[in-house]
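The values are calculated or read from the model by the stated rules, or taken from the named source; none is laboratory data. Everything quoted here is computed from the prediction, not taken from an experiment. Cβ sites come from the backbone with ideal geometry, for glycine too, and all protein chains shown count toward neighbours.
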């Protein structure tokens, strides 16, 4: 695949790449790149709210529903004395049927027992089908000048005129400014709409305003990105941004950043390599941002989560080893003993080796040729774990009414999550009841 | 043969119609379980994201040989299902957004790859993935009349798209036939299904594999948008018509066949009325599917808008009639022999009151004379039962629900119209009025 990409971009020099990225290019290209960047920023902001309001796929129905509007506007513009190829006219048509589509989704939800997913799917496919019908009608029966209409499906940034870009930029910045102005209202509705309603906010009006912003961005992006992929600009950047933060303002800023960067890089790459359609490249750039975020974001990322789980597993495993050593009263754990512990807990040989490295790395033990020798830290931890184990065992027997024969397995699970505060509390409770405590001299941290 | 203003031409129409009907049938049947399990948009996601699978298979094998493309697309379809699950679980992303991310990025990849492929002088058209190419399924050597068709000729002439679709329908039918019970339980109660020994997760994946298979088989002929329409619309329409799953499945099959054939005929017939050329058949089928759904939304005898409106109106009228009888009864309790119609109209629409009085008079519940209304014996019995329910409810609301006595009238006013009786109570209501006896 890289090979095919390389062959597609074979003739491009590094100099050209830098020139394009710095916008030192032809006027038209510069306009297109600036325009899609603005579009990306606006859709990042609007999309963040749409995602939080769980309206992500509503935008999909909306954008598919614009197709019949484009074809009908083309067909009927001459009736009203308008130029049928004018972008503004086509976009007005797109807006009308797009909004109609959203209204249909809501009507289906209100009038029938169908669920939202079915309603969205119905509107999306039926409206798009109507669009295909209208397009085929236009192409057969009024072929003059209808060639450009297909471009709205997949987008065609490269052929955009300066005037078209201006229109796109105006629509996008309108949505951007309005969303920032309504930041507080949108936040309120996204997080707690019933509270907002009780507090006297016009929730349906705010929802309507949010949908209007979505419509603006969608319509703005139709020509550059195409109606199938324009939803990606609204969905992918906010989902990517969600991995990095729990704060709303940061989420919106990051989402705008991802959207803007996708628009900028996508249009630039597509300008360099004439074969690359801008819409697809923009969405793929956003897709890369999403992939990187999902894998490597610090706290919600997949890698961070896997590391966290691995660390917890290792801590539990090493506790088992130290406890076994303490209970056996030995400082030295032979290779054979280690294998027995591993078999008992069902560890693979590889995991047992990692546990050994972990114990040595945490300076709980030192490695020798035929096993490990516990250090002071390890001995202390072993005592502590063993004592927690005993504490829990007695707690479960005396408080939770678990038969003594059933105690041990659950003990193994809980002793690792026991907080030290809880241990002191337990200790006190058990002391009050006069239960015999195992010696814990000097181990309570 | 001719259907309305359109000639049915064997050469031009037979295979496109067959392909449309088969695709609609297979997708429509599977759609029942997608719609029930709120997975409708999985069909949408899969049909968008098979595009890169198709193109990659095409680039690797450099042929439009269908098997490779078929495998590529199926793999891409399954990858979508797995990726959506992964993004949802690993990323803790809401399912709509997860689908949106996966299918839009994969679709973008497909569009890009198509451009790369065409850079190498290979022709692959993204448009036909969306619109389908029903119109190309021509039977060149077809005889003029259906009666002249030799079976051998027909079988040899069947395009491979139609064969694939036929196999798909058979597989879908077999799957539904064999696993209907399991699918039903998994759709309504996944936990129960798992405890009964067939894992709901496995049924989910089996269903998804079939959806991917049906999508891929269909969209080469009819386009991905029609696939979505067929997965969702017939099942949704059937769901509005019945409450039984088995009936719904049969209905959806019938609706799917009707959609495909109706849409196909309309594609030529409707523009033909104005003497225009025919329009895209796949698109016309989606519109037809939407039309049938709209009809069901409005006219369904069970959940239709009209029926519900009528039912509400009938109920509203019955409530007004009963309320008026109750008012008359209360007036007679305080010794007045009749009530003026104008008094009854207070706080109610005069039109409704007049209509209610007309019906009550016809039923023999009241007599109207000189603008005054008097209860007949029959009307008195009806009103008495109503008042009894009202006062029993008031008693119940005060005694059992702990409401203050001055807050219960409004609620009792609503509850009195229900069939259910509150538990028996004492002889007087919370306001000290007598509760009339039974009968």
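Scanning region B:323-346 turns up no residue that is under 44 Å from the mean Cα position of the chain (by Cα), farther than 23 Å from residue B:433 by Cα and in a helix (DSSP H, G or I).
Comparison of B:281, B:294 shows that the only residue that is within 10 Å of chain A (Cβ to nearest Cβ), touching a residue at least 40 places away in the same chain (Cβ under 8 Å) and either over 22 Å from residue B:176 (Cβ atoms) or surrounded by fewer than 19 Cβ atoms within 10 Å (Cβ to Cβ) (or both) is B:281. If the condition is being out of contact with any helix residue (DSSP H, G or I) (no Cβ under 6 Å at 6 or more places or on another chain) and within 13 Å of another protein chain (Cβ to nearest Cβ), then region B:242-268 contributes B:243, B:268. Under the condition of being at the interface with another protein chain (Cβ under 7 Å from one of its Cβ atoms) and either surrounded by fewer than 24 Cβ atoms within 10 Å (Cβ to Cβ) or under 18 Å from residue A:270 (Cβ atoms) (or both), the residues counted in region A:225-241 number 4. Of the helices (runs of 4 or more DSSP H) lying entirely inside region A:99-206, those carrying at least 2 residues that are within 14 Å of chain B (Cβ to nearest Cβ) are A:116-141, A:151-154. The set of residues from region B:388-405 being under 42 Å from the mean Cα position of the chain (by Cα) and exposed (fewer than 14 other Cβ atoms within 10 Å of the Cβ) comprises B:400, B:401.
More than 13 Å from chain A (Cβ to nearest Cβ), farther than 17 Å from residue B:212 by Cα and modelled with pLDDT under 85 - does that describe any residue in region B:41-63? Within region B:41-63, one or more residues are more than 13 Å from chain A (Cβ to nearest Cβ), farther than 17 Å from residue B:212 by Cα and modelled with pLDDT under 85. Exactly one residue out of A:258, A:290 is at the interface with chain B (Cβ under 10 Å from one of its Cβ atoms), modelled with pLDDT of 90 or more and buried (at least 22 other Cβ atoms within 10 Å of the Cβ), and it is A:290. Within region B:78-99, the set of residues being within 20 Å of residue A:53 (Cα to Cα) and without any contact (Cβ under 8 Å) to a residue 24 or more places away in the chain comprises B:87, B:88, B:89, B:91, B:92, B:93, B:94, B:95, B:97, B:98. Scanning region B:363-399 for residues that are without any contact (Cβ under 8 Å) to a residue 40 or more places away in the chain and closer than 13 Å to residue B:431 by Cβ gives B:393, B:394, B:397, B:398.
Exactly one residue among A:77, A:42 is assigned to a helix (DSSP H, G or I) and surrounded by 24 or more Cβ atoms within 10 Å (Cβ to Cβ), and that residue is A:42. Which of the residues that make up region A:286-316 are farther than 28 Å from residue A:348 by Cα and in a helix (DSSP H, G or I)? Passing the criteria: A:286, A:287, A:288, A:289, A:290, A:291, A:292, A:293, A:294.
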